[in-house]
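Dropping the structure in here first, questions after.
Derivation of every value follows stated rules applied to the coordinates shown; laboratory data play no part. The structure presented is a predicted model; accordingly, all values stated were derived computationally and were not measured. Note that we place each Cβ from the backbone using ideal geometry, even for glycine, and neighbour counts take in every protein chain shown.
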Amino acid sequence: MALVNCENCGSEISDKAKVCPKCGKNIKRDFVPILTCPECGKEIETTETHCGNCGYKLKQSNKAKKKKISIIGFMAILILLVICVVVVANKKGDNYVLDACEEIQKNLSNPNSLSLQEVYISDEISTDTTIDYVYRVYVVYKYTNSYDSKKEGTALYVVDDNGKTYFIEDSSSEQLYAYKSIAEMEIFGLSGWFEPSDNWTELKSSEIERIEKKIE
């Protein structure tokens with residue numbers, strides 16, 4: 001038992017006393033709920049996390065549980081939002097690849113002969129060029145021309161920061177063709193000078209097959 005001073009008369013009284021025995025003043029205290037330790041039976045304030053007598057770990061209060069649940073819920077929502085953003089970004093990337101392939105088909109005398117060999121994509125953002133691009137698709141393909149000869153072609157599809165698209169083949173303007181040359185250098189490197197960069201991702205054969213089915 002500890003002794004404290006009465007707020008009214010200053011007499012020393014027990015910290016358990018409800019009334020001062022000297023002046024009769026009611027002792028006001030901040031009410032703290034008390035519970036009994038299930039392990040040793042000692043009284044413990046509910047604000048404690050462990051019993052001070054035996055060390056028994058007390059169960060969390062409803063308030064603490066709610067706080068923990070709220071944090072978990074917030075994290076779950078955040079993770080869901082991230083997943084949604086990734087899915088939307090991938091969907092948009094798929095559309096760009098499909099658009100690039102459809103542009104290639106438009107220039108073929110036999111559109112159905114298009115066969116994708118390699119497809120590379122890059123979501124690198126560039127703001128120091130004539131075209132401030134945000135997405136690029138580079139396609140290596142084979143096709144059959146009007147003389148039934150098998151040919152190989154390459155094309156670059158560029159999307160700028162305003163959503164405008166540029167389709168670049170060998171016959172494109174000299175200014176646009178420079179972008180295709182840069183893309184080829186980044187993808188394949190230049191022996192003795194440049195190594196392939198990590199700005200590009202090559203699509204797997206299964207992904208290419210999936211795209212070919214969509215453009216058939």
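How many angstrom lie between the Cα centre of the range 95-139 and the Cα centre of the range 152-212?
Measuring centre to centre over Cα atoms gives 7 Å.
I need two numbers for the range 109-197: Rg to one decimal and Dmax as a whole number, Cα atoms only, in Å.
Cα-based Rg and Dmax for the range 109-197 come out at 14.3, 43 Å.
For the residue pair GLU39 and ASN26, what label-to-label distance in nm results when each label sits 7 Å from Cα along the Cα-to-beta-carbon direction?
In this crude label model, GLU39 to ASN26 measures out at 3.8 nm.
Let me ask something additional. Mind listing which chymotrypsin sites (Phe, Trp or Tyr not before Pro) in the range 145-216 are in a DSSP loop and have 16 or fewer other Cβ atoms within 10 Å? Mind showing how you got there, number by number?
Numbers: sites: TYR147, TYR157, TYR166, PHE167, TYR177, TYR179, PHE188, TRP193, PHE194, TRP200; in loops: TYR147, TRP193, TRP200.
Here the sparse-neighbourhood loop sites are TYR147, TRP193.
Assign one of three labels to the range 145-216, namely rounded, prolate or oblate, based on the Cα gyration tensor with a ≥ b ≥ c the square roots of its eigenvalues; rounded applies when a/c is under 1.5, prolate when it is not and a/b is larger than b/c, and oblate otherwise. Let's see the in-between values first.
On the way: a/c = 1.30, a/b = 1.24, b/c = 1.05.
Rounded.
Also: Please compare each pair in LYS142/LYS180; LYS142/LYS164; LYS106/LYS214; LYS18/LYS57 to a cut-off of 20 Å on the Cα-Cα distance and tell me which ones are over it.
Working: LYS142/LYS180 18 Å; LYS142/LYS164 27 Å; LYS106/LYS214 15 Å; LYS18/LYS57 31 Å.
Flagged as over cut-off: LYS142/LYS164; LYS18/LYS57.
Let me ask something additional. Would you kindly state how much longer the chain becomes between THR201 and ASP132 on full extension, computed as 0.36 nm times their sequence separation minus their alpha carbon distance, in nm to one decimal?
Values: separation 69, 0.36 × 69 = 24.84 nm, distance 1.97 nm.
Stretched fully, the THR201-ASP132 segment lengthens by 22.9 nm.
What does the extension gain come out to for ARG210 and ASP148, with contour length at 0.36 nm per residue minus their alpha carbon separation?
Details: separation 62, 0.36 × 62 = 22.32 nm, distance 2.59 nm.
19.7 nm is the gain from fully extending ARG210 to ASP148.
What does the extension gain come out to for GLU174 and LYS106, with contour length at 0.36 nm per residue minus their alpha carbon separation? Could the numbers behind the result be given before it?
On the way: separation 68, 0.36 × 68 = 24.48 nm, distance 2.11 nm.
Going from the current span to full extension adds 22.4 nm.
Go through the range 173-184 residue by residue and turn each phi into a ³J(HN,Hα) via Karplus (6.51, -1.76, 1.60, θ = phi - 60°); whole Hz please, and just put x for glycine and proline.
4, 4, 5, 6, 4, 4, 5, 5, 5, 5, 4, 5
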